[in-house]
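Since the structure comes first, as C-alpha cells, the remarks are kept for the end.
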Amino acid sequence: MADDAAAPPAARPAAADTASRALALRLWRDWVRGHRWRLLFALLLMGVVSATTGAYPIVIDWAYELFGARDPRAIWLIPIIVVAVTGIKALAVYAQAVTVQGVVLHVIASLQGAMFARLTEADLERVQAEPTGRLVSRLTNDVAMIREAMGRAVAGIVDLLTLVALFASMIYLDWVMTLVALALYPVAAVPIVRIGRRLRRASTATQDRMGDTTALLTESLGGARMVRTYGLEAYEQGRARAMFEGMRAALMRLVKGRARVDPVLEALGGLAVAAVIAFAGWRVAYGNGTVGEFTGFVAALLLAARHVRSIGTLNAVAQEGLAAVQRVFAVLDDRPRIIEAAGAPALAVSAGRIALDDVRFAYRAGEEVLRGVSLTVEPGQTVALVGPSGAGKTTIVNLLPRLHDVSAGAVTIDGQDVRAVTLASLRRAMALVSQDVTLFNDTVRANIAFGRLDATEEEIAAAARAAAADEFIRALPQGYRTVVGDRGHTLSGGQRQRIALARAILRDPPILLLDEATSALDAESEQRVQAALEALSRGRSTLVVAHRLATVRRADRIYVLEAGRVAEQGTHAELLAANGLYARLCQMQFFTAEGTGENEGESAPEPEPAPARQ
C-alpha cells in the first residue's frame, strides 16, 4: 500500500493491471489448469451456443426472403429450422452450465480445503492474532466472490464467442452497416476500465467489512451468557446496527459502481442502433437494400448489444473477484515459522526427562515473558509451576509441544532439542489437559477418541472409567452417542473436564501437561478429577500449572515463577520453610479460602502451619 501511495498517478493503473494479470495467471496455473480437458469440452459447447445464436439473424433474413417470394417452404421449413436451432442451443447451454459449474465448484472446494489446511497448520500466534470471524469470512465470503467471478468469466467467454458469431452474421448480411455499428463500441472501453478499478478498491473494503461483521457476530453470539447476565443486549444490538450500517454503505458503493456500467453501454448501444437505422433507412429509401436484410441485421445488432453489456459488466465482477483472490492467496502464502528441520528424526522418548536450559521467550520484540528460565522434570516426576498471573507458566507449557519456539536457550526431552525432531512425534508424546476444555459439536465418543482416532469402543470406555466419566456418560440420553453441542454446552464444567481427561488417558502419553486443569471446578468435581489426574500422572513425566496451591502439595518439585524468572524451587515443605513468595501465596490462598468458606472440611494447605501463619 505504501508503494502505491508513493507511485506517480499514471503508474498506479499500470501497476494494478500487472497485479491483476499476475493474480489471474496464478489462479489459472495453480488451481484451474488441471481441469483443462473439461474446460475444453465446455469451450466446444460454448461454440455451439454461440453458433446457434449467430444463426438466428440469418434464419430471420431467409424467412423474409421466402415470405417476399411467396415460397410455400416458409410455412413448414422455417419453423423446423427454428425448433432445431433452439433445441440444439438449449442442450448445449445445459451441458455447458453443468460442466463449467462442476469445474468452478471443484476449484472453490480445493481453495477452501487448502486455506483451512494452511490455517490449521499455521503458527498459533498467527491464528490468535486475527478474529475468528475474519478467518471464517475468508473461507466463505471471499470464495463465494471468487465463484461468482469465475462463473461470470466463463459467461464472458460465451458472450465473446457469441459476439464473434453475430458479427459474422452481420458482415454476411451487410458489412458496411457492421462497420458503422463497430465504430461506436470501443468508446465504452475507457470508462468501463476506470469503473472496474474503482470497484476493485471498493470490493476490498467491502470484504474487510464482511470479515469484521462475521467476527462481531461470532463474538457476540458466542458470549451469549455474559451478554445476558450483564444486560448488554442493547449495547450489542447497537454495535451490530453500526456494523450493519457500515456494511450497507460499503455494499452501496459497490452497487453504484456496478450501476454505472449499464447506462454507459445502454447509451452507446442506442446510438449504434440509431446510426444503423438511419443508415439502413437511407439505403432502403434509395433502393440500395431490402427490408429483409435490414430486419435480420437489426436483430443481430440487438442481440449483440445484450452480449456487449454482459462483457462490460464482466470487468466489474472480475475486479471484485480478483480482490477476493488476493485475500485468499494472502492466507495461502502465509508460511509458518514453526516448521520441522529438513530430515528431522522422530522423537525417541526413553525416560521422559524434560529440561529447559536458560530459556528466553517474547511474544513481541522487547517484551520478554521468560527471562532465562531453567528447570528439569526428571523421568516419572510431577513438577509444578506456580506464581502470580503473567509469570510465564502457561508459556512454558506451550513451548514443550512447540506451539511457540524459544527466543533463546533450549527445550529438550531426553536430551533431544524439540526443534530438531518431527512435530508429529513430539506432539504424539504428550497430552494436554487445560482449564479451557475444547469439545467439538460431536458425540461424547468422538470427543474422547480425538486422543487416539484408531481406539476401539472398549478402549474408549476404559479411558472414561479411569477418568470417572463412564457413569455420567451412560446416563446421557444416547450414552456415548450423545452429541455434546457447541463447545460441550450441554454438559457441566466437571463433565467436560472429565471427558478431556478421558481423552488424555486414551492417548496414554509418556508426558502429561496439566494447565489449570481443575481451577474452574466445584469441590466435588475437583476431587474426582484430581484423583483421576493423580492416577494418570503415575509413572509419567508431568508438568502442572496451578493457581490453587492445594493441588500441587504432592508434587515432587515446585518451581515458583515471578516476572518470567524462577524465584524459588523445592518441595512444598522446603518452600514453606523458606518463607518466601510461595509461602506468602499459600498464606493468602488459605486465608481467602477460610474467609469464603471454601476451605470448610479441609486442612490448611501446608503441613507446617507455623511459617504460613506468620
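Odds and ends about this structure:
- Yes/no for Ile499 being modelled with pLDDT of 85 or more and touching a strand residue (DSSP E or B) at 6+ places or on another chain (Cβ under 8 Å): no
- Verdict on Val418 being modelled with pLDDT under 90, at negative phi, out of contact with any Asp or Glu (no Cβ under 8 Å at 6 or more places or on another chain) and of a type in the set (A, V, I, L, M): no
- Ala455 being of a type in the set (A, V, I, L, M), over 27 Å from the mean Cα position of the chain (by Cα) and in a helix (DSSP H, G or I): no
- Unique residue being under 24 Å from Arg337 (Cα atoms), charged (D, E, K, R) and touching a Lys or Arg at 6+ places or on another chain (Cβ under 8 Å) when the list is Arg138, Arg118: Arg138
- Residue match in segment 317-333 (condition: closer than 27 Å to Ile511 by Cα, at pLDDT 80 or above and surrounded by fewer than 20 Cβ atoms within 10 Å (Cβ to Cβ)): no
- Only a single item in (1) over 19 Å from Asp159 (Cβ atoms); (2) exposed (fewer than 15 other Cβ atoms within 10 Å of the Cβ); (3) over 27 Å from the mean Cα position of the chain (by Cα) is not met by Thr86, and it is number (1).
- Checked against the criterion of being of a type in the set (A, V, I, L, M) and modelled with pLDDT of 85 or more, the candidates Ala95, Ala129 yield just one match: Ala95.
- Of everything in segment 464-521 that is in a loop (DSSP other than H, G, I, E, B) and polar (S, T, N, Q), the residue that is surrounded by the most Cβ atoms within 10 Å (Cβ to Cβ) is Thr518.
- Residue within segment 397-418 that is loosely packed, with under 15 Cβ neighbours inside 10 Å, under 28 Å from the mean Cα position of the chain (by Cα) and of a type outside the set (D, E, K, R) present: no
- Ala299 being crowded, with 22+ Cβ neighbours inside 10 Å, touching a helix residue (DSSP H, G or I) at 6+ places or on another chain (Cβ under 7 Å) and modelled with pLDDT of 65 or more: no
- Some residue of segment 514-523 being within 25 Å of Asp414 (Cα to Cα) and at pLDDT below 90: yes
- Near pairs, Cβ below 9 angstrom, 6+ apart or cross-chain, from segment 530-543 (of a type in the set (Ser, Thr, Tyr)) to any residue that is part of a helix (DSSP H, G or I): Thr542/Leu533; Thr542/Leu536
- Pick from segment 344-389, criterion free of Cβ contacts under 8 Å to residues at least 60 places away in the same chain, over 32 Å from the mean Cα position of the chain (by Cα) and surrounded by 20 or more Cβ atoms within 10 Å (Cβ to Cβ), ranking: farthest from Pro401 (Cα to Cα): Val359
- Residue match in segment 49-67 (condition: assigned to a helix (DSSP H, G or I), among the polar types (S, T, N, Q) and under 23 Å from Ala144 (Cα atoms)): no
- Residue that is among the small types (Gly, Ala, Ser), over 28 Å from Gln128 (Cα atoms) and in contact (Cβ under 8 Å) with a residue 60 or more places away in the chain, where the choices are Ala462, Ala467: Ala467
The values are calculated or read from the model by the stated rules, or taken from the named source; none is laboratory data. Every value quoted in this text rests on a predicted model; they were computed, and no experiment measured them. Note that we place each Cβ from the backbone using ideal geometry, even for glycine, and neighbour counts take in every protein chain shown.
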